[in-house]
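Asker: Please read through the structure below; I'll follow up with questions.
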């Protein structure tokens, strides 16, 4: 039996091809995860087939790696390598096959998170991240990334209220999360219009409204340029 990566088309070198791939990014506590199912439900109401996933994680192997990343102490290089190992399996087993079938894929984090967390946050060099990105998915990038931007102090207050024991990332200090936030800002500047900043200090309703307006336009534009 062929593997999912064999059955799906090769998306490693599809810089000019747009895919129904949406990602949500932001520091821990910014509130992005609460909007995942809202986006998915909206698309399903429009008759679309939707896969909701997350990183690190998604596939069975990637979820095992996720547990290590969140709870096992490790060096920064090991962390970076494990993140991309999980991403590679996630892409092969879930994301690429779903996109090949014409589904929309909504993912909680993707490679922008590696640039923000492992790059800006941990101080890993850009050359290492760029090499891994090129090896794992080359020019393939999300059609749209919603960046939930929030002051690290406010995010910390939210985490303290809504969560139990902190994992390795949630336990980091404000200085770390400020670096991560700056990393996301750099990604926003690099990726341009594909990277939409959302003021995460707004109400959930207002944020949802902004995303739905953009997603409606995005879906209409995709249908126009990719009929059938």
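Any read-out appearing in this document is the output of simple, stated calculations on the displayed coordinates, not a laboratory observation. These figures come from a predicted structure and were not determined experimentally. Methodologically, a virtual Cβ is constructed for each residue, glycine included, from the backbone with ideal geometry; neighbour enumeration extends over all protein chains shown.
Asker: How many percent of all Cα-Cα pairs in the chain sit more than 25 Å apart?
Answerer: Looking at the chain, the distances longer than 25 Å represent 38 percent of pairs.
Asker: Return the single residue from 194, 166, 100 with maximal mean-square fluctuation; model: Gaussian network over the chain, springs between Cα atoms under 10 Å.
Answerer: With Cα springs under 10 Å in the chain, the top fluctuation among 194, 166, 100 is at 166.
Asker: Taking a spot 7 Å from the Cα of residue 61 along the direction of its beta carbon, which residues of the range 76-119 have an amide N less than 16 Å from it?
Answerer: 81-97, by backbone N distance to the label point.
Asker: Neighbouring Cβ atoms within 10 Å as the yardstick, rank 112, 214 fewest first.
Answerer: If I rank by nearby Cβ atoms, fewest first, I get 214, 112.
Asker: Give me 179, 191, 20 sorted ascending by neighbouring Cβ count inside 10 Å, so fewest comes first.
Answerer: Ranked by crowding around the Cβ, least crowded first: 191, 179, 20.
Asker: Hey, another quick one. Over the range 50-102, one equal point on each Cα, no solvent: what is log10 I(q)/I(0) by the Debye formula at q = 0.20, 0.21 Å⁻¹?
Answerer: Per q value, in the given order, log10 I(q)/I(0) is -0.64, -0.69.
Asker: Moving on to the next point. May I have the convex hull volume per residue, in Å³, for the Cα set of the range 7-138?
Answerer: With only Cα atoms used, the range 7-138 gives 110 Å³ per residue.
Asker: Let's test the formula: R0 of 30 Å, r as the Cβ-Cβ distance of residue 38 and residue 173. What FRET efficiency results, to the nearest 0.05?
Answerer: Calculated transfer efficiency: 0.45.
Asker: Based on the alpha-carbon set only, what is the convex hull volume of the range 147-228 divided per residue, in Å³?
Answerer: 134
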